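Accompanying notes for the structure given below.
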Amino acid sequence: MNLIMLTDYRGFFRQQLGRWESLDKNKMLEIFNKNDISVKEYNFEEVINSNIELKNKIIIYTSSQDLEYKKYIDDVLYYLSKNNILIPRYDIFKAHENKGYQEILKKEFGIKSLDNYYLGNLAGVDLLDKDKLNFPLILKKNEGAGSSNVYKVSTKNKLIQLIKKINKPSNYNIFTLKKYLKKYIFKNKYKKEYYKEDIFSGEFILQEFMAGLDDDWKILIFGNKYYFLNRKTRNNDFRASGSGKFSYIDPPKEVLEYANEIFKKLDVPFISLDVGYNGEECNLIEFQGVHFGPYTLINSPWYYEYNNGEWTKINEKSNLEQEYANSYVKYINKVIE
């Protein structure tokens, strides 16, 4: 079987522990070779700017934390998705660092999650049913890793203030000055309708606040292996991501089963999940199906295996590249059955 591996401009297949680090491709190739999979490697630039023709191929690829370069990758992958099999598929890539699209996919796949709104600018808030804006709410900018640009808001005034903060345009001061000059001095140039347009544009999510949490679970799933990291919230804060208060403890059975349910619904070779559990119910906060941080796997002394409806805890460390390659092999075999 033949497989295409797409890398970035540095020839990297990201990411290792640091977002600037590539996975060890040679370790992955060893696994592919053992499974009679021949790999041809190209970078995105080669595919688009040369005479390489890719059709009816199985393609694995990398993404990027550089959001401008990710737009370039997006163009290439969308083009390739029309005549090839992307693993993971294109909509999983689109959800990378795109919290709003994650919410759309949750609804598409019937994944139980927190109530939310996905909006494109400040003016969108006025279109919502005011009776359904139950404060406190969580405000999240569409892109951003960890807990950056994530806020808990208790009033509509504070919500509007924070939306303006995260979506303030770079030319805001110049825009305001021009508006003032045209409105009060060069009055014949003032166009009222133009200045009614909302300049605080940018996607953001308003999400139900999940009360009663002092931790969450970072879960990485590769094939049939499940890795769990418990993350306590920061001092005097609601956020657990980036708190540094991490521990490898056995998850409740409800978290195990919920993670397995999500993995099956999204139909991916591997996934990173952020799950909240308040003792009664689980909710999927965010997920990534490509180019996610591997800390949870790299440092875990154990993992759970799921086979034939049974959970088994295995006390051994894992190698990231081997788990990636094995997960690809397992998924590819399912795709070509």
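Quick check: residue separation of E316 and N333 times 0.36 nm, minus the Cα distance between them. What number comes out in nm? Kindly include the intermediate steps, with their values, before the conclusion.
Working: separation 17, 0.36 × 17 = 6.12 nm, distance 2.57 nm.
Gain on extension, E316 to N333, equals 3.5 nm.
I want to make sure I understand the PRE zone here: with the label point 7 angstrom from the Cα of V39 toward its beta carbon, which residues in the range 313-333 have backbone N atoms less than 16 Å away?
Zone members listed by number: 319-333.
Let me spell out the model: positive unit charges on the Cβ of Lys and Arg, negative unit charges on the Cβ of Asp and Glu, origin at the Cα centre of the chain. What dipole size does that give, in debye rounded to 20?
Values: 51 positive and 46 negative charges, 390 e Å.
Dipole magnitude for the chain comes out near 1880 debye.
How large is ³J(HN,Hα), in whole Hz, for each residue of the range 269-284 in order, when computed from phi with the Karplus curve 6.51 cos²θ - 1.76 cosθ + 1.60 and θ = phi - 60°, using x for Gly and Pro?
Once θ is set to phi - 60°, the couplings for the range 269-284 become x, 7, 7, 10, 10, 10, 10, x, 9, 9, x, 10, 8, 9, 9, 7 Hz.
So between N188 and K253, what do we pick up on full extension, going 0.36 nm a residue minus the alpha carbon distance?
16.5 nm
Tell me which residues come under 5 Å, amide H to amide H, from L3 once H is placed; ignore anything under 5 positions away on its chain.
S38, V39, K40
For the peptides 263-269, 326-332, 216-222, 23-29, what is the packing order when you average, over each peptide's residues, the other Cβ atoms within 10 Å and list the highest mean first?
Numbers: 263-269: 18.4, 326-332: 20.6, 216-222: 24.7, 23-29: 16.4.
Averaged packing, sorted descending, gives the order 216-222, 326-332, 263-269, 23-29.
Of F204, Y180, N157, which is farthest along the charge dipole of the range 115-209 in the positive direction, counting Lys and Arg as +1 and Asp and Glu as -1 at C-beta?
Of the listed residues, the answer is Y180.
Working from Cα positions, state the angle (0 to 90°, nearest 10) between the long axis of helix 172-184 and the longest principal axis of the chain.
20 degrees
How large is ³J(HN,Hα), in whole Hz, for each residue of the range 156-170 in order, when computed from phi with the Karplus curve 6.51 cos²θ - 1.76 cosθ + 1.60 and θ = phi - 60°, using x for Gly and Pro?
Running phi through 6.51 cos²θ - 1.76 cosθ + 1.60 with θ = phi - 60° gives 5, 4, 5, 4, 4, 4, 6, 4, 4, 5, 7, 10, 5, x, 5 Hz.
As a quick test, which of the pairs K71/K165; K25/K70; K168/K191; K82/K112; K141/K313; K27/K313 have an alpha carbon distance above 28 angstrom in this structure? It would help to have the intermediate numbers written out before the result.
On the way: K71/K165 24 Å; K25/K70 21 Å; K168/K191 22 Å; K82/K112 30 Å; K141/K313 37 Å; K27/K313 25 Å.
Table pairs above 28 Å Cα-Cα are K82/K112; K141/K313.
Rounded to the nearest 500, what is the chain's calculated 222 nm mean residue ellipticity when only DSSP H runs of at least 4 contribute -39500 (n - 2.57) each, over all residues?
Working: 11 runs with 109 residues, N = 337.
It lands at -9500 deg cm²/dmol.
Output the peptides 174-187, 110-123 sorted from most to least packed, where packing is the average of other Cβ atoms within 10 Å over each peptide's residues. Don't jump to the answer; show the numbers that get you there.
Numbers: 174-187: 11.9, 110-123: 15.9.
Highest mean packing first, the order is 110-123, 174-187.
Using a Gaussian network for the chain with springs between C-alpha atoms less than 10 Å apart, which of these wobbles most: Y258, Y42, Y194?
Ranking Y258, Y42, Y194 by mean-square fluctuation puts Y194 first.
K245: net charge of surrounding residues, Cβ under 9 Å, Lys/Arg +1, Asp/Glu -1, itself excluded? Please report the intermediate quantities before stating the final value.
Details: positive: R231, K232, R234; negative: D215.
Net charge in that neighbourhood comes out at +2.
May I ask you to order 11-18, 154-161 by the average number of other C-beta atoms within 10 Å around their residues, highest value first? Don't jump to the answer; show the numbers that get you there.
Details: 11-18: 16.2, 154-161: 13.5.
Descending mean neighbour count gives 11-18, 154-161.
May I ask which residue of G223, N283, T233 lies farthest towards the positive end of the charge dipole of the range 212-335, with charges of +1 (Lys, Arg) and -1 (Asp, Glu) on Cβ and the Cα centre as origin?
The residue sitting farthest along the positive end of the dipole is G223.
Could you calculate the contour length gain from R234 to Y78, that is, 0.36 nm times the residue separation minus the distance between their Cα atoms, to one decimal place in nm? Let's see the in-between values first.
Values: separation 156, 0.36 × 156 = 56.16 nm, distance 3.90 nm.
Extra length from R234 to Y78 when fully extended: 52.3 nm.
Every number here is computed from the coordinates shown, using simple stated rules; none is lab data. Remember, predicted model here, so these are calculated numbers, not experimental data. Glycine gets a Cβ as well: all are built from the backbone with ideal geometry, and neighbour counts include every protein chain shown.
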